[in-house]
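Quick note: the coordinates plus some simple rules give every number you see, no bench work behind them. Please read all numbers here as calculations on a predicted model, not as lab measurements. Cβ placement follows ideal geometry from the backbone for every residue including glycine, while neighbour counts extend to all protein chains displayed.
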């Protein structure tokens, strides 16, 4: 049986063996989960559940009628004096952003946190075109300096110790060595201030886009959402098509769920609602506003009734925080833009099962993610479905289970179908296991899969007399004593 | 068994509640004494227990691995065997969940199997569910002296919503001190195929669970799922831990005595 590891197998093994990472993960996950629990206890359990139901219903409705709401947002943004673009994929989205940048002779871009821009690889595209792009979310800024991918959906640099951050700042910002967090923040703030002031264009994501009013909603703790959208002369907002919500009052429902689920805050320090360029008489705001609505595989998910609910995701990261697998391996092992439980569903859907087909199997299916999801996404159900697709294949993927697995399960199915076959195999197993069974325990067994178990765990031997034999021989004949 | 006096003065014996056992493949082949314990407890409570000898497996191992095509005939066999109207009692949260939560998904495109599933789901019970919700019993007359901690198996907790009943039953055992470990609801890392596909992650998760058991200074860790218990037991033995794993049925079959190891 080959010991060669898959990409995820290798990456996760490294993560588990990294003692410092394990300490950091343990500490941060514990903090996030405690903070979330405390924040949710601000309301009754009944109210929390009602909010979740309501939020899920809003998402379901909006996606059901997405074409209508996309049309609505298009009209609203244009009414506000802005521009709307639809991008079929990452390439198209990049081309749109570049075209806007070139038209305005943009040399310097500042960016708010945007996962869809990570899907696009936008920063690399801008840099290749000679445009400086600087992340203004502190976590994103840190990983930009480190040239790494995000480690967590909302806390991209959570794996970095203050020591590592200090080293990054010393190297790239020529700052003095310090492990004082306040000092480190001050350094980042001073550096970014200059970038804010000098930027020609601000690019943000969108936590929500209100169809009725053409409003982009941003939640931040640093205020970088506000600065990025107010200071530069052009603002480009990137939004996956699933970010639409019908009306402003719908945002209120999500704002009660998102900060609590994500960081355990009642509300984030800043909630920014913007849309459209500076209107006559207004003091702040860009001269031009562009909303780029991105598909990049979302339409396919929308069309698939089994997987549509993955689009309900509001990017809180709570699923990652409670996931026993994520808690041990962290975000980089997943190898995609989105990590954790939702990442294990979305990455195979966006990148294809051939590339990411392993992720749905890297789960114990415990269901803790579903318990905490603010929009009640049934992630385990979709993981199971993806496993089935991986094995059976579908219109776009060939079957990917190993030949040995397929043989094993076919055999298992044939045996388990009838009692006679099961009993026969049981007798054979009892005989064959004798060299390895000591006092009912097996410590070594060179069989596929089993050998991986016994490396770290004992296995029970097949019982000398099965339950069905005991029943046949004695139990069935015994009288019930009665109460 | 209650006796009612009829008008004629002769005691009238009420028919016993019947239950059909699905012992699960793990218990049948690897842990038969757990099945015996369950029979003992149910009989002590006056249940007439039957065991359909043709039973094999609920099909979950293949289903979880994505081999739905291979799982279906095994699940079909289960469905056909357990037709009728008797309650089916299952000493496993994950097997009971397979029938109640996952058969509808597996048989989505098979109306005949779906219909059989509907009738079966309502009368399929996990063991502790059956004792507390159907028999209305939390004290089964067991006694055991020791500190017992309870592990919430994932399917039992999150698919079936069962978490109070096992605790009530444990508290009902004379002499037992129920102690909660931190993260009782956290996964043990088994997850079926996951435990051998990603053994390093599986055992890292298991380590946390075992530390929590140690932290509770428990003599016994009880769970309602042999998958979880097999996983925990596998490492507990090698670590030389003080605590011993036990299925709930085994604890409820205890009659005095206590920690002897």
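Quick rundown of the values:
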quantity: Choice from B:191, B:172, B:240 showing the highest fluctuation, given a GNM over chain B with Cα pairs closer than 10 Å; calculated: B:240
quantity: GNM top mover of B:167, B:239, B:76 - chain B, alpha-carbon springs below 10 Å; calculated: B:239
quantity: Cα-based helix-to-principal-axis angle, A:90-103 vs chain A, degrees rounded to 10; calculated: 10
quantity: Average projected area [Cα convex hull, the range B:111-165], square nanometres; calculated: 5.1
quantity: Exposure proxy order (Cβ contacts within 10 Å, fewest to most) of A:117, B:128; calculated: B:128, A:117
quantity: Global size of the range A:1-128 as Cα Rg and Dmax, reported in angstrom; calculated: 22.2, 64
quantity: Exposure proxy ranking, count of Cβ atoms within 10 Å, fewest first, for B:188, A:185; calculated: A:185, B:188
quantity: Mean Cα-pair separation over length for the range B:148-225, i.e. relative contact order, pairs under 8 Å, 6 or more apart, %; calculated: 45
quantity: Rg in Å to one decimal, and Dmax rounded to a whole Å, for the range A:243-304 via C-alpha atoms; calculated: 15.8, 47
quantity: Bins of 5 Å from zero: percent of alpha-carbon pairs in chain B; calculated: 1, 6, 13, 17, 18, 16, 12, 9, 5, 2, 1, 1, 0, 0, 0
quantity: Within 10 Å of each Cβ in A:319-328, the average number of Cβ atoms from other chains; calculated: 4
quantity: Relative contact order, percent, chain A [alpha-carbon distance under 8 Å, six or more residues apart]; calculated: 17
quantity: Chain B - percent relative contact order, Cα under 8 Å, separation 6 or more; calculated: 19
quantity: Shielding by partners, peptide B:70-82 (average Cβ within 10 angstrom, other chains); calculated: 3
quantity: Choice from B:120, B:30, B:229 with maximal GNM fluctuation in chain B (Cα, 10 Å cutoff); calculated: B:30
quantity: Estimated D of the protein assembly as shown in µm² per second, where Rh is the Kirkwood radius over Cα pairs and Stokes-Einstein applies at 25 °C, 0.890 mPa s; calculated: 87
quantity: Over the protein assembly as shown: helical MRE at 222 nm, DSSP H runs n ≥ 4 each giving -39500 (n - 2.57), nearest 500; calculated: -14000 deg cm²/dmol
quantity: Gyration tensor (alpha-carbon) shape descriptor, the range A:136-254, a/c threshold 1.5; calculated: prolate
quantity: Label-zone membership for the range A:214-232, site residue A:197, 7 angstrom Cα→C-beta point, backbone N under 20 Å; calculated: A:223-232
quantity: Rough spin-label spacing in nm, given labels placed 7 Å along Cα→Cβ, for residue A:190 and residue A:404; calculated: 5.9
quantity: Ranking of A:43, B:116 by count of other Cβ atoms within 10 Å, fewest first; calculated: A:43, B:116
